[in-house]
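J.: Okay, here's the structure, questions in a sec.
The values are calculated or read from the model by the stated rules, or taken from the named source; none is laboratory data. Keep in mind that this is a model prediction, so the values were computed, not measured. In this analysis, Cβ positions are derived from the backbone assuming ideal geometry, glycine residues included, and neighbour counts consider all displayed protein chains. Heavy atoms of the whole protein, side chains included, go into the accessibility calculation; ligands, DNA and RNA do not. Shrake-Rupley method; radii C 1.70, N 1.55, O 1.52, S 1.80 Å.
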Amino acid sequence: MFRHWLAAVRPRTLPVAIAPVLVGTALAWREQGNASLAVLVAAGVAALLIQAGTNLHNDVADFERGADDPGKRLGPARATAEGWLAPAAVRQAAIAVFAAAAAVGLWLVWLGGWPILVVGIASLACAWAYSGGPRPIAYSPWGEVFVWVFFGLAAVCGTYYLHAGELTGTALAAGAVFGLPAAAVLVVNNYRDLEHDAEAGRRTFAVVFGRPPSRVLYAVLMLAPVVAAVAFISAGDPAWLPVLVLLPWAGILVRRFAVEPPGPEFNVLLGDTARYELAFAGLYGAGLVAAALSG
């Protein structure tokens, strides 16, 4: 039973939630000399809960729309569609997880005020709207934009604001950069499932524009952060230096995306893309700490 719930939560996607929290915390510590361990833990827990709740809701919502056919699906098996878990139980679990995220978020709102309230409400609303409502985000070409906004800009800037009490251009730039590999994770998912999604009535970027543009989009999302790092280094910010070691890995992942058949192999590629983002965040965080200590 535990492994079925684990499948519904989709742990391979969870690094996408925690990476921007690490970035926002490290950046606040470097720029403001102010970072709270309690805020880091609470923001990380809230982000993980929202991601887990989104995945649970997506699991049951796709089943109820008839969009997850176990006989045709190339991605990991879905707990509700496989009959491992009852739809009502998964729906209730999603609600409970969202409620837990909101409970943690109340303390963060108490610390950060109305800007954090706005971010929190928007995050929960869009987490539900990703698979729910009459026009789910997951069934549109805007999924990658949604991920870039909420797992890049909102998460990094929100975390930074909680620590620092203000927002800077550096935080906005970092959020914009770190949302790119997060969006690449969704590109992998939608590219793999293109035919199945088209049959189910989804209109994802991959369905609307096809495979060649999706390959270009993945390459841009994976390589642009390294290009941005070079630009920031050239502008005098050495904190980005450690991330340059990821360029070969980014190249390998882009090549795999281009040459591997869009089947079950992409399940491994999806996990590797999420780990790439987490490594990017960790190396940038290490660069921020080193820059602060040396300065």
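J.: Can you pull the one-decimal nm distance between simple spin-label points at GLU166 and GLU82, each 7 Å off the Cα toward Cβ?
T.: Placing both labels 7 Å along Cα→Cβ, they lie 5.1 nm apart.
J.: Could you give the angle, 0 to 90 degrees to the nearest 10, between helix 87-112's Cα long axis and the longest principal axis of the Cα atoms of the chain?
T.: Compared with the principal axis, the helix lies near 20 degrees.
J.: Fully extended, how many nm does the chain gain between PHE2 and GLU64 (0.36 nm per residue separation, minus their Cα-Cα distance)?
T.: Result: 20.1 nm gained on full extension.
J.: Pulled fully out, how much extra length does the chain show between TRP142 and ALA96, if you take 0.36 nm times their separation in residues and subtract their Cα-Cα distance?
T.: Gain in length upon complete extension: 13.9 nm.
J.: What whole number of Å gives the distance from the Cα centroid of the stretch 170-187 to the Cα centroid of the stretch 87-140?
T.: 20 Å
J.: Bin all alpha-carbon pair distances of the stretch 1-132 at 5 Å intervals from 0 and give each bin's fraction as a whole percent.
T.: Spelled out bin by bin, the stretch 1-132 gives 2, 11, 18, 21, 17, 12, 9, 6, 3, 1, 0 percent.
J.: In Å and on Cα atoms, what radius of gyration and Dmax does the stretch 181-271 show?
T.: Answer for the stretch 181-271, Rg first and Dmax second: 15.0, 50 Å.
J.: Of GLY53, ILE252, PHE280, which is farthest on the positive side of the dipole of the chain, counting Cα position, with +1 on Lys and Arg Cβ, -1 on Asp and Glu Cβ, and the Cα centre as origin?
T.: Of the options given, the answer is ILE252.
J.: For a quick protection proxy, order the peptides 188-194, 166-172, 274-280 by their average other-Cβ count within 10 Å, most packed first.
T.: 188-194, 274-280, 166-172
J.: Something else now. Calculate how steeply helix 265-294 sits against the longest principal axis of the alpha-carbon atoms of the chain, using the helix alpha-carbon long axis, and give the answer as 0 to 90 degrees to the nearest 10.
T.: Long axis of 265-294 versus the principal axis of the chain: about 10 degrees.
J.: Just the number, please: Stokes-Einstein D of the chain in µm²/s, Kirkwood Rh from C-alpha pairs, 25 °C, 0.890 mPa s.
T.: Once the numbers are plugged in, D ends up at 127 µm²/s.
J.: Right, something else. Hey, what's the per residue convex hull volume over the C-alpha atoms of the stretch 179-218, in cubic angstrom?
T.: Enclosed volume per residue, from the Cα hull, is 55 Å³.
J.: Quick check on the chain: helices-only [θ] at 222 nm, where DSSP H runs of length 4 and up contribute -39,500 (n - 2.57) each and the sum goes over total residues. Nearest 500, please.
T.: About -24000 deg cm²/dmol.
J.: I would also like to ask the following. Report Rg (one decimal) and Dmax (nearest whole number) for the stretch 53-200, counting Cα atoms only, units Å.
T.: According to the Cα coordinates of the stretch 53-200, Rg and Dmax are 16.8, 51 Å.
J.: Among 104-115, 173-184, how do they line up from the highest to the lowest mean number of other beta-carbon atoms within 10 Å?
T.: Top to bottom by mean Cβ count within 10 Å: 173-184, 104-115.
J.: Then there is this: To the nearest 0.05, how large is the calculated FRET efficiency for PHE209 and GLU265 if R₀ is 25 Å and r is the Cβ-Cβ distance?
T.: 0.70
J.: Could you work out what % of the accessible surface of the chain is carbon and sulfur, using a 1.4 angstrom probe and leaving DNA, RNA and ligands out of the count?
T.: Solvent-exposed carbon and sulfur of the chain make up 70 percent of the total.
J.: Stretch ALA291-ALA231 to full length: gain in nm at 0.36 nm per residue minus the Cα-Cα span?
T.: Gain in length upon complete extension: 19.9 nm.
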